[in-house]
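Notes follow once the structure below has been shown.
The values are calculated or read from the model by the stated rules, or taken from the named source; none is laboratory data. Computed from a prediction, not measured in an experiment: that's the story for all the values here. Cβ sites come from the backbone with ideal geometry, for glycine too, and all protein chains shown count toward neighbours.
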Amino acid sequence: MAIISLINRKGGVGKSTISINLAAGLATRESRKPSSKPVLLIDMDDQLSATITAMGGGFGQQFVPVITAEPSFAGALGGGLGGSESLLIESLLPRNRSEKVRVFKTNKTKMEGLEDSLKSMPESAFQLLYFLEPIKDKFSYIIIDNPPSAGMIPMNALVASTHVLIPIEPDGLSLIGLADILRMIENVQKNTNPDLKILGIIPSRFRMVRRQSRDVIEDMEKLYGHLLLPYVKDLADISAATTAGYDVFSYCRQKSQPYRCFSNLVDAVLGKLQ
Ligand SMILES: Nc1ncnc2c1ncn2[C@@H]1O[C@H](COP(=O)(O)OP(=O)(O)OP(=O)(O)O)[C@@H](O)[C@H]1O
Ligand SMILES: [Mg+2]
């Protein structure tokens, strides 16, 4: 069992896209095992983009009951209540498999207040850890998508996680941002979760044609080579799949670039977890 947080305080770097496809890819690999457990995808961001994709995407409105639910994950977590199995539902992903990724029924309004509710609670950084304690062993992997922040929400995710993945869009300032995130992780390791491991850095939305992107990747290789995972290219079909409520494994052909990028990533993550 691994609990994997995707963290970057910068917005739009591909945290949610990678969370969704990693969850779908891991669920597919897991379902081939004789005694398999489901994958859980937790959406800690009040934009709820991972939940919306997992529940059918932005073209329909099938996701609405799931993001306006009462009671909800956001209400239970922000109210200090324990993990509740009744809040779990099957998502639609992977689209081409019967063993679906689980998500929580959630509530957008309550999610918007979660950062403040957590801050007002005693042991504010430990609430997600306590919430997951009674249910975590039912899952093979738990993937936690985080908002673009370095506040109490990602802090809860890091305290509850066994591993962290850092998607980085390789541009001029991303190495400075990366140093900040690594410092945040180091603090959590020192003060609250000594077992937290950095699973890797994922160069995300990578554009090979850009000189600057190639230079940043070169620098990353020098500085953090041992942590670099296969990169995810910037490809229109990756974005199209997400908007349509699909994982790339169901949306794209097996020989396509999006499929291969994410397949390599899932392989590398599984290799590192062993
Ligand atoms: N590899 C990719 N190729 C093409 N488009 C991508 C890729 N990854 C992400 N995108 C698109 O970029 C936008 C931002 O991606 P995503 O929502 O995954 O980032 P994020 O880090 O979760 O953002 P936020 O910080 O706002 O939560 C989305 O429109 C998504 O479809
Ligand atoms: Mg996101």
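Annotations for the structure displayed:
- Checked against (1) in a loop (DSSP other than H, G, I, E, B); (2) closer than 30 Å to VAL216 by Cα, PRO134 meets all criteria but (2).
- Test: residue in the range 186-195 that is in a helix (DSSP H, G or I), among the polar types (S, T, N, Q), within 29 Å of ALA236 (Cα to Cα) and out of contact with any Phe, Trp or Tyr (no Cβ under 8 Å at 6 or more places or on another chain): no
- Taking the range 58-82 as the range and being part of a loop (DSSP other than H, G, I, E, B), surrounded by fewer than 20 Cβ atoms within 10 Å (Cβ to Cβ) and in contact with a helix residue (DSSP H, G or I) (Cβ under 9 Å, 6 or more places away or on another chain) as the test, the residues that pass are GLY58, PHE59, ALA69, GLU70, PRO71, GLY79, GLY80, LEU81, GLY82.
- The condition of being within 20 Å of the chain's Cα centre (by Cα) and farther than 15 Å from ARG95 by Cβ holds for only one of SER213, SER204, that being SER204.
- Residue match in the range 108-130 (condition: in contact with a Lys or Arg (Cβ under 6 Å, 6 or more places away or on another chain), of a type in the set (Phe, Trp, Tyr) and either modelled with pLDDT of 95 or more or not in a helix (DSSP H, G or I) (or both)): no
- Qualifying position, being within 16 Å of ligand 1 (Cβ to nearest atom), closer than 14 Å to ILE7 by Cβ and assigned to a helix (DSSP H, G or I), among ILE166, ILE153, ILE144: ILE153
- Check on GLU115, within 16 Å of ligand 2 (Cβ to nearest atom) and either of a type outside the set (A, V, I, L, M) or surrounded by 18 or more Cβ atoms within 10 Å (Cβ to Cβ) (or both): yes
- Close pairs from the range 155-172: first within 9 Å of LEU128 (Cα to Cα), partner assigned to a helix (DSSP H, G or I) and among the β-branched types (Val, Ile, Thr), Cβ under 9 Å, at least 6 apart: VAL159/VAL188
- Answer residue from the range 24-47, given it is outside any loop (DSSP other than H, G, I, E, B) and farther than 18 Å from PHE63 by Cα and is farthest from ligand 1 (Cβ to nearest atom) among those: SER31
- Residues that are in contact with a Lys or Arg (Cβ under 7 Å, 6 or more places away or on another chain), surrounded by 22 or more Cβ atoms within 10 Å (Cβ to Cβ) and among the polar types (S, T, N, Q), drawn from the range 228-252: none
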